[in-house]
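Here's the structure we're looking at; comments come further down.
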Amino acid sequence: MPAAPPLHLVRGNAPGLFWYLTEPTRCALDVSEFVATRAMLRGAPSGDGHPVLVFPGLGAADSSTVMLRRFLSGLGYDVNPWGLGRNIGPTRKAVDGMHALVKKVSDAYGAPVSIVGWSLGGIFAREMARDHPHRVRQVITLGSPYNMSDPVQSRAMPAFSLLSRLHIPKDEFPPLESTRPPIPVPATSIYSKTDGIVSWESCVEEPGPRRENIQVSSSHLGYGFNSSVLWVVADRLAQAEGTWAPFAAPPGMARLYPRAA
């Protein structure tokens, strides 16, 4: 069989229409599953108290990440919202605010921060890691199309374009992900092939030292509530600073994690 092309050369199609139309229903199921598995999630790896930032997706605010942040706080992390209002894209307020937030929280704790970013929030998180590698401990992205090669790969592009007049100038946008080296901190990309908003191909990169792609079954709107996603986030954050090993599903949970990209 011929070798598969490198991920950065794969041009994905738009997310499936069925998955898109069923996003709200499947998100509700993700929330229900979270409620039903809370006892199991109490057994997730505990934290060491280091600071964690959580960035919401396009069109969302900190209210969308309340459940995720409460879960992580319950594991012992000092969890911080992004506190910049609704995420309407790379406005000057958002860009400057994220830089200031990473510096403020890292300096306050005297330690690097981990950043969990949902969708567009994950793209922002990766940029913070590139600009502040000594202040960012690791990045975990949830359905973040940072490796998008074609606008058709995200159903959020019309909304993003509509808001573009509020964004920073195009010449300040970072280069395409495929033209740059991997981010300089450990990176975990969580993606779903049933994501109805962004194509899964845009959410992954070539695996390598300190970077991995983990497949789950989740709606795009439900990443922050999906129990299999939450377990991965807890597991990745629990790694001791300066160490890294690929994710391994705990006994009895392997079926929740199909083979990664």
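The values are calculated or read from the model by the stated rules, or taken from the named source; none is laboratory data. Keep in mind that what you see is a predicted model, and the values were worked out from it rather than measured. As a convention, Cβ positions derive from the backbone with ideal geometry for all residues, glycine included, and neighbour counts pool all protein chains shown. Accessible surface is based on the protein model in full, side chains and every heavy atom, while ligands, DNA and RNA are left aside. Shrake-Rupley method; radii C 1.70, N 1.55, O 1.52, S 1.80 Å.
Quick look at the numbers
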quantity	calculated
Cα gyration tensor category, rounded, prolate or oblate, for the range 135-195 with a/c compared to 1.5	oblate
Accessible surface ranking that places the most exposed of F18, F173, F55, F34 first, with a 1.4 angstrom probe	F18, F173, F34, F55
With every protein chain in place, the range 208-261: carbon and sulfur % of accessible area (1.4 Å)	57 percent
1.4 Å probe accessible area per residue over the range 175-261, in Å²	40 Å²
Part-to-part distance (alpha-carbon centres) for the range 27-96 and the range 155-208, which is given in Å	19 Å
For the range 8-162, the spread of Cα positions along each principal axis, largest first, Å	45, 40, 31
Karplus-derived HN-Hα couplings along the range 41-51 (A = 6.51, B = -1.76, C = 1.60, θ = phi - 60°), whole Hz, x at Gly and Pro	5, 5, x, 5, x, 7, x, 9, x, 6, x
Two-site FRET efficiency, K103 against F173, from Cβ-Cβ distance with R₀ of 22 Å, rounded to 0.05	0.50
Fraction of accessible area attributable to carbon and sulfur, the range 39-191 (%, probe 1.4 Å)	57 percent
Three-way shape call for the range 135-240 based on the alpha-carbon gyration tensor, with the a/c threshold at 1.5	oblate
Charged-residue dipole, Cβ positions (Lys, Arg, Asp, Glu), the range 10-148 about Cα centre, Debye nearest 20	140 debye
Peptides 61-70, 143-152 ordered by average Cβ neighbours within 10 Å, highest first	143-152, 61-70
The range 130-153 and the range 227-254: distance between their alpha carbon centers, rounded to Å	19 Å
Against the rule of thumb 2.2 N^0.38 Å, how large the Cα Rg of the range 101-168 comes out	1.28
Net charge of Cβ neighbours under 9 Å - reference S218; Lys, Arg +1; Asp, Glu -1	-1
For the chain: rounded, prolate or oblate by the Cα gyration tensor [a/c cutoff 1.5]	rounded
MRE, 222 nm, helices only [DSSP H, n ≥ 4, -39500 (n - 2.57), over the chain, to nearest 500]	-9000 deg cm²/dmol
